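Engineer: One structure, pasted below without further comment.
No lab work stands behind these numbers, since they all come straight from the coordinates. These figures come from a predicted structure and were not determined experimentally.
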Amino acid sequence: MGHRKVHRERRVNERVYLDGLALLVERGTPIGKYKLENLSAGGALVAGGHRLRPGHLVHVLMDLTTGQGPMSMTGAVRRQQHDGKALALSFPSLSPDQEDAIQDAVLRALLRRESQSSRSPVLVFEPRPRVRLEIETELRSFGLPFVSVDNLGEAISELEDEETEYAGIVIHSVTHDPSSMEVVEFFARSEGLKTIIMPEPDGELPPEAKRLASLPHVVVPRIWSPSELRRAIRN
């Protein structure tokens, strides 16, 4: 998003189903193609191809259907599952970039799965075109529906529209405008609308936003970044 900041943290090994293929290579020789069953930063389950005994170290090339490029990493065969038709792999030596790429794929898959059960759109209220486009790009990559507005009049019109029930609203720079913030606060309090307030690059909130930060349905990410936006939408 608008202000990017490098932020590393311990990843949660949440395992999700992902569409994709995995090519396993041992000592430079391709072993076979496998169907990716699930994935986490801790490992993966792949099905098909040749059986391998536990303890084998392999080079893993994964091609996911999440819009990311292929991923490459070292895998260790932990065990056979489903009568030998599947292999449980661990990733013993992931780099920070590899871990970030897996985490990103997992979060995108979780958001897509959750969005299938609720197709209510997210309202993006952001006057700045560049920042608004970056938010839209992130939401689109999750498969989440959204409506974007750049002024207070359109925001009020959308929130008052009885035909559309919004799942939440994402705001940032409007928190510096007292009039806009009063409208957001009204809908957040009166209708329990989930409100995501993106903070300043240093994590600070303007005074207009601090009044809402204590409400249970208001989410304030720690920093302004795509990963924090994903986490806020998911939670």
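Engineer: What whole number of Å gives the distance from the Cα centroid of region 133-167 to the Cα centroid of region 40-107?
Structural biologist: Region 40-107 and region 133-167 have Cα centres spaced 37 Å from each other.
Engineer: Can you spot the aspartates and glutamates whose alpha carbon is less than 14 Å from LYS85's alpha carbon? Ignore those fewer than 8 places along the same chain.
Structural biologist: The reachable aspartates and glutamates, counting only those whose Cα sits under 14 Å from LYS85, are GLU37.
Engineer: Over the Cα atoms of region 16-109, each weighted equally, I'd like the Debye log10 I(q)/I(0) at q = 0.10, 0.14, 0.20 Å⁻¹, rounded to two decimals.
Structural biologist: Normalising to I(0) and taking log10 leaves -0.21, -0.43, -0.90.
Engineer: Here is a follow-up. Quick check on region 165-235: take the gyration tensor over C-alpha atoms, sort the square-rooted eigenvalues as a ≥ b ≥ c, and tell me if it's rounded (a/c under 1.5), prolate or oblate.
Structural biologist: oblate
Engineer: Give or take rounding to whole Å, what are the principal axis extents of the alpha carbon atoms in region 118-234, in descending order?
Structural biologist: Between the extreme Cα coordinates on each principal axis of region 118-234 lie 37, 30, 27 Å.
Engineer: Using Cα atoms only, what is the angle between the long axis of helix 178-190 and the major principal axis of the chain, expressed in degrees (0 to 90) to the nearest 10?
Structural biologist: Taking the Cα atoms of the chain, the angle to 178-190 is about 70 degrees.
Engineer: Taking 4 °C and 1.567 mPa s as the conditions, I'd like the Stokes-Einstein D for region 37-90 in µm²/s, using the Kirkwood hydrodynamic radius from alpha carbon pairs.
Structural biologist: 112 µm²/s
Engineer: Nearest 500 deg cm²/dmol is fine: what mean residue ellipticity at 222 nm does the chain get from its DSSP H runs of n ≥ 4 alone, each adding -39,500 (n - 2.57), divided by its residue count?
Structural biologist: Computed ellipticity for the chain at 222 nm equals -9500 deg cm²/dmol.
Engineer: Assuming 0.36 nm per residue, please report the length gained on full extension of the stretch LEU57 to ASP150 beyond their Cα-Cα distance.
Structural biologist: The LEU57-ASP150 span can extend by a further 28.2 nm.
Engineer: Here's another thing I want to ask about it. Determine the shape class of the chain: with a ≥ b ≥ c the square roots of the Cα gyration tensor eigenvalues, call it rounded for a/c under 1.5, and otherwise prolate if a/b is greater than b/c, oblate otherwise.
Structural biologist: Verdict is prolate for the chain.
Engineer: So what is the relative contact order of the chain, in percent, for Cα pairs below 8 Å that sit 6 or more residues apart?
Structural biologist: Averaging sequence separation for qualifying contacts and normalising by length gives 16 percent for the chain.
Engineer: Of all DSSP beta bridges in region 37-186, what percent run antiparallel (nearest 5)?
Structural biologist: Around 70 percent of the beta bridges assigned by DSSP in region 37-186 are antiparallel ones.
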